[in-house]
1. Would it be correct to say that Gly18 is surrounded by 23 or more Cβ atoms within 10 Å (Cβ to Cβ), small (Gly, Ala, Ser) and either in contact with a strand residue (DSSP E or B) (Cβ under 9 Å, 6 or more places away or on another chain) or at pLDDT 95 or above (or both)?
2. Listed residues Gly114, Gly110; which is within 19 Å of the chain's Cα centre (by Cα), crowded, with 20+ Cβ neighbours inside 10 Å and under 20 Å from Trp69 (Cα atoms)?
3. Go through (1) in contact with a Phe, Trp or Tyr (Cβ under 9 Å, 6 or more places away or on another chain); (2) more than 23 Å from Arg93 (Cβ to Cβ); (3) assigned to a helix (DSSP H, G or I) and name the single condition Arg197 misses.
4. Return the total of residues in the stretch 215-241 being at pLDDT 90 or above, more than 19 Å from Arg43 (Cα to Cα) and β-branched (Val, Ile, Thr).
5. In the stretch 209-237, which residues are out of contact with any helix residue (DSSP H, G or I) (no Cβ under 7 Å at 6 or more places or on another chain) and under 19 Å from Ala178 (Cβ atoms)?
6. Which numbered condition trips up Asn145, out of (1) outside any loop (DSSP other than H, G, I, E, B); (2) in contact (Cβ under 8 Å) with a residue 40 or more places away in the chain?
Amino acid sequence: MAPRISNPQRPSSETADGRAAFGPRPILCAVLDGAGFGADPYRRARELFEAGVDWIQLRDRTLEDRSLWQIGCALVAARDESGPADESSAGRRVIVNRRFDLARALGADGVHLGFDALAPETARSFLGSRALLGASLHSLAEVKNAAQDGVDYAHLAPIWDPLSKDATRPALGLDRFAEACRLGLPLLAQGGVDVERAREAIRAGATGVAVTGILASARSLGDAIRPLRESLDDGRRSAIG
């Protein structure tokens, strides 16, 4: 059974702006489905947060509502009950893929809109100005459009060939990703991200990275997350130094 949610109406930010969730520290977002959280999603989420993850995104189109709710409750409880976040970060966040109704009911921090989801302005009217709204994008043209559609951030993918599945689109590459970052919308690099590429993405202008495959192949979450966290922070120091 999932732990009790300590504050289901917890706002996603102290200010009325979803982008207040971006601090000086690069964002490390773990994107997992129900199977990725295993038999104890609360414990798995605690491990992720305490190893250095900033955001956890629940993404699963196959689970029924009851299962999504139970996992979501566990993630929100882990967010609220984990130890203090790194002082350079903007805090821990739980994002729900597509289901803005579930995100609101859980007290999650935002919703990641899919290609077939409602328009950002509709989700914003339902969730309020404090919620994070994200999108998955695959080209510079999509980034240009999304920057005017009211989303707070986007995953741009694939930058490299994915580690968790066969490639269905050609990789954009680092140069094109850097060009997209200059358009002004906070971007998380996704697709084929490993320790060295995480550093390269931050140097290219990324706000952070989103990972799935590297978690699935790791012997332990800590083994995967801690080197990524160090690489992201090193990339940030290099970019500003």
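The values are calculated or read from the model by the stated rules, or taken from the named source; none is laboratory data. Predicted, not measured: the structure shown is a model, and the values here were computed from it. Don't worry about glycine lacking a Cβ; one is built from the backbone with ideal geometry, like all the others, and counts go over all protein chains shown.
1. Against the criterion (surrounded by 23 or more Cβ atoms within 10 Å (Cβ to Cβ), small (Gly, Ala, Ser) and either in contact with a strand residue (DSSP E or B) (Cβ under 9 Å, 6 or more places away or on another chain) or at pLDDT 95 or above (or both)), Gly18 qualifies.
2. Gly110
3. For Arg197, the failing item is (2).
4. Residues that pass the stated criteria total 0.
5. Scanning the stretch 209-237 gives Ala210, Arg237.
6. (2)
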